[in-house]
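*Asks:* One structure is given below, represented as structure tokens, and several questions about it will come after.
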Amino acid sequence: MRLLALTPAELAFLTTPSGGPDDLPARLTRKLAATLSARLRLPISLALHPTAAPVAAPEAPVWQADDALASLWLTRRLGGQRVSGATTFVPASLIHTLDAALAEGWLDARKQGMLPAALTWHLHADLAQATLAVQLPHSATDMTRWARGVIRHG
């Protein structure tokens, strides 16, 4: 049986160099959008925005979800169709989901290099607009240790 020749599009895809370690923000943005869309059963888009570096780096990633995202998460995960009101309570299930996506994204990287100090996204969905941020450790070693722990215990 003869194999078909590759198309120009397939050749271009296969010969394009993979991204380096500095594409973590872009990869994480795609991963978070896909994960949140699946969990919330709602099309989600995330836009990465510039973030000021925190004064001190945490030992493990620290997520900051605003009231709108917490309300959207609770409403959709409990089967609701409309978001009303706001909650200041950020569910642990949301943080665990975000941790798992970040850990997988970090460990999937071919090379783990420099980490940004923090990342911020604006989330857009039909039901809500929200903000999500994360502060990251400065050390790639600390990040790898944390990510392996999340995957192991998740």
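*Asks:* Run the dipole for the range 1-126 about the Cα centre, Lys and Arg Cβ at +1, Asp and Glu Cβ at -1, nothing else charged, and hand back the magnitude in debye, nearest 20.
*Replies:* Dipole of the range 1-126, to the nearest 20 debye: 420 debye.
*Asks:* Please work out the average accessible area per residue across the chain, using the 1.4 Å probe convention, and give it in Å².
*Replies:* 61 Å²
*Asks:* Would you kindly derive the ³J(HN,Hα) couplings of the range 86-101 from the backbone phi angles with the Karplus curve 6.51 cos²θ - 1.76 cosθ + 1.60 (θ = phi - 60°), listing them in order in whole Hz, with x for Gly and Pro?
*Replies:* Calculated HN-Hα couplings, in order: 9, 10, 8, 7, 9, x, 4, 5, 5, 5, 5, 5, 5, 4, 5, 5 Hz.
*Asks:* Please give the contour-minus-distance gain from Leu11 to Val62: 0.36 nm per residue of separation, less the Cα-Cα distance, rounded to one decimal in nm.
*Replies:* 14.3 nm
*Asks:* Ranked highest first by average number of other Cβ atoms within 10 Å, how do 73-83, 49-59, 91-101 line up?
*Replies:* 91-101, 73-83, 49-59
*Asks:* Among Asp126, Asp23, Asp66, whose mean-square fluctuation peaks in a Gaussian network model of the chain (Cα, cutoff 10 Å)?
*Replies:* Its mean-square fluctuation being the largest, the pick is Asp126.
*Asks:* Rounded to the nearest percent, how much of the accessible area of the range 9-118 (1.4 Å probe, protein heavy atoms only) is carbon and sulfur?
*Replies:* The nonpolar share, carbon plus sulfur, comes to 58 percent.
*Asks:* Using only Cα atoms, locate the centre of the range 63-119 and the centre of the range 21-47, then give the distance between them in Å, rounded to an integer.
*Replies:* So the separation of the two Cα centres works out to 10 Å.
*Asks:* Please get the size of the charge dipole for the range 23-68, origin at its Cα centre, with Cβ charges of +1 on Lys and Arg and -1 on Asp and Glu, quoted in debye to the nearest 20.
*Replies:* Approximately 320 debye in magnitude.
*Asks:* Work out the length of the dipole vector of the range 61-147 about its Cα centre, built from +1 on the beta-carbon of each Lys and Arg and -1 on the beta-carbon of each Asp and Glu, and round it to the nearest 20 debye.
*Replies:* Dipole of the range 61-147, to the nearest 20 debye: 120 debye.
The values are calculated or read from the model by the stated rules, or taken from the named source; none is laboratory data. It should be emphasised that the depicted structure is a prediction, and the values quoted were computed from it without experimental measurement. Backbone-built Cβ (ideal geometry, glycine too); neighbour counts: all protein chains shown. Note: accessible area is taken over every heavy atom of the protein model, side chains too, but ligands, DNA and RNA are not part of it. Shrake-Rupley method; radii C 1.70, N 1.55, O 1.52, S 1.80 Å.
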